[in-house]
Amino acid sequence: KDLIVLSNGKNVAPQAVERALKASPYIAEVALFGDRSPVVVGLVVPDFEQVKAWAKQHSLRFAGSAEIAANPEVRRLIKAAIDAHSTGLADFERVRRFAILDRDFSLEKGELTPTLKLKRRVIAEHFADRLRELYRSEKD
C-alpha cells in the first residue's frame, strides 16, 4: 500500500530502500516520498548521538539538533551515507533529494503507529513545506 509510483511509471517499494539506508549508523529513520514525481525524495532523521560523536572527531560543536540538521558538513555526511547504502538499488530507487530533520518521528504526533511503523500521510502533512522544497529543488 505504500508503493511509490514515479512520474515515469516506475514503482518503488519504500520500505526496502528505507531499510537499506537505515543500515548507516548516521541515519536513525528515513521516510521516502515521490508519488507522481520524477525522483525519490527523503526526509532523514539523523542518529543524533552518532552524528555528535562523528562531529566531535571532526572538531565540530553543535548547540542542538536544529544546528545538526542545518550544518553543511552533516549534510555531506548524510549524503555519503545515503550513497554508500544505495549501491544495491536500481537507479530509479535512489534518493535524489533529501532534507535532514531536527527531530525524530513521533508516536505522540501521530507519525508512527503503535508498532513504530511510519504513517506516511501524517509525515507528509507535518513536513509538507520541506517536501515542497525537495520537489522544487534542482540541486543535489
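The values are calculated or read from the model by the stated rules, or taken from the named source; none is laboratory data. Fair warning: this is a prediction, and the values are worked out from it, not measured in the lab. In this analysis, Cβ positions are derived from the backbone assuming ideal geometry, glycine residues included, and neighbour counts consider all displayed protein chains. Quick note on the areas: whole protein, heavy atoms, side chains included, nothing else; ligands and nucleic acids left out. Shrake-Rupley method; radii C 1.70, N 1.55, O 1.52, S 1.80 Å.
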Hey, got a sec? Which trypsin sites (Lys or Arg not before Pro) in the range 1-100 land in a DSSP loop and have at most 14 other Cβ atoms within 10 Å?
Lys1, Arg36, Arg61
Considering amide H positions built from the backbone, and no H for Pro or chain starts, which residues 5 or more places from Asp102, or on another chain, come under 5 Å of its amide H?
none
Proximal charge balance of Tyr26 [Cβ under 13 Å; K/R count +1, D/E count -1]:
0
Per the Debye formula with a single identical scatterer at each Cα and no solvent contribution, what log10 I(q)/I(0) holds for the range 1-132 at q = 0.18, 0.20, 0.21 Å⁻¹?
-1.00, -1.21, -1.31
Applying the gyration tensor rule to the Cα atoms of the range 56-140 (axes a ≥ b ≥ c; rounded if a/c under 1.5, else prolate if a/b exceeds b/c, else oblate), the class is oblate
Calculate for the chain the 222 nm mean residue ellipticity that helices alone would give, adding -39,500 (n - 2.57) per DSSP H run of length 4 or more and normalising by residue count, nearest 500 deg cm²/dmol.
-10500 deg cm²/dmol
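Accessible area per residue, 1.4 Å probe, Å², for the chain: what's the number? Kindly include the intermediate steps, with their values, before the conclusion.
Numbers: 7960 Å² over 140 residues.
So the chain comes to 57 Å² accessible per residue, rounded to a whole number.
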Could you tally the net charge around Gly9, taking each other residue with its Cβ under 15 Å from the Cβ of Gly9, Lys/Arg +1 and Asp/Glu -1?
-1
Given a 1.4 angstrom probe, I'd like the percentage of the accessible area of the chain that is carbon and sulfur, rounded to a whole number.
50
For the range 11-140, give the share of DSSP beta bridges that are antiparallel, in percent and rounded to the nearest 5; count only bridges with both residues there.
60
Ignoring GluC sites (Glu not before Pro) that are buried or in helix or strand per DSSP, and keeping those with at most 15 other beta carbon atoms within 10 Å, what is the longest stretch of the chain between them?
1-107
